[in-house]
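The values are calculated or read from the model by the stated rules, or taken from the named source; none is laboratory data. Nothing here was measured: the structure is a model prediction, and the numbers come from that model. Here Cβ is always computed from backbone atoms with ideal geometry, including for glycine, and neighbour counts include all displayed protein chains.
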Amino acid sequence: MTGFLGEYESTLDPKGRFLLPGGFKKQLPEGESTFVVCRGTEKCLWLYPSSSWKPIYDKLSQLNDFDPKVREFRRFFLGSASEVELDSAGRLLIPPTLKEYAGLQKDITLASAVNKLEVWDTTRYKQLIESYSESFSFTAKNVMVDYNVTI
């Protein structure tokens, strides 16, 4: 598989570690144990397997340093990026600044986002998904038409 499917809940321990759910472990490329975690949009974190991160980093490194939008994006996105590795118990450590950015307390939800996982505070994630429930049909139609996707 070249991406992720599903959403799973996990729990942060007092040190900011969580157990990577087995459902996602099964979807990782064989031998993948290193990730990059960084700020995402809507106050979540983005968790990239290293194999997904490298092509993104390579593209970002080729952007024009003289463009203020590029510098702003890099500061926000790359400035927060940290490499994390699965420990012997299958846990990942969220750095304190990222934990604070995403408002992570104890209960977290990991949601698939194609080549990465989103890490959310569970309450915030449920509220976000609930806010989509009435408009999802309209959004789905627009995305499928605007991007010419057929299923």
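Would you confirm, using the coordinates I've provided, whether ALA89 is in contact (Cβ under 8 Å) with a residue 60 or more places away in the chain, surrounded by fewer than 10 Cβ atoms within 10 Å (Cβ to Cβ) and closer than 18 Å to LEU19 by Cα? So ALA89 passes the test.
When region 1-32 is filtered for residues that are in contact (Cβ under 8 Å) with a residue 60 or more places away in the chain and among the small types (Gly, Ala, Ser), the ones remaining, listed by number, are GLY3, GLY6, SER10, GLY16. Residue pairs whose Cβ atoms lie under 7 Å apart, sitting 6 or more positions apart in sequence or on different chains, and linking a residue in region 68-79 that is closer than 17 Å to TYR101 by Cα to a partner that is surrounded by 13 or more Cβ atoms within 10 Å (Cβ to Cβ), are ARG74/LEU60; PHE76/ARG39; PHE77/CYS38; PHE77/ARG39; LEU78/LEU60.
Selection of region 1-43 for residues being buried (at least 16 other Cβ atoms within 10 Å of the Cβ) and among the basic types (Lys, Arg) yields ARG17, ARG39. Condition (residue is in contact with a helix residue (DSSP H, G or I) (Cβ under 8 Å, 6 or more places away or on another chain) and modelled with pLDDT under 95) applied to region 58-76: is it met by at least one residue? Taking every residue of region 58-76 in turn, none turns out to be in contact with a helix residue (DSSP H, G or I) (Cβ under 8 Å, 6 or more places away or on another chain) and modelled with pLDDT under 95. Within region 33-56, which residues are touching a residue at least 12 places away in the same chain (Cβ under 8 Å) and assigned to a helix (DSSP H, G or I)? Correct list: SER50, SER51, SER52, TRP53. Test LEU92 against the stated conditions and say whether it is in contact with a Ser or Thr (Cβ under 8 Å, 6 or more places away or on another chain), closer than 20 Å to LEU5 by Cα, modelled with pLDDT of 95 or more and in a strand (DSSP E or B). When the stated conditions are applied, LEU92 does not pass them. Taking the criterion of being within 24 Å of the chain's Cα centre (by Cα), of a type in the set (Ser, Thr, Tyr) and not in a helix (DSSP H, G or I), the residues of region 125-151 that qualify are SER133, SER135, TYR147.
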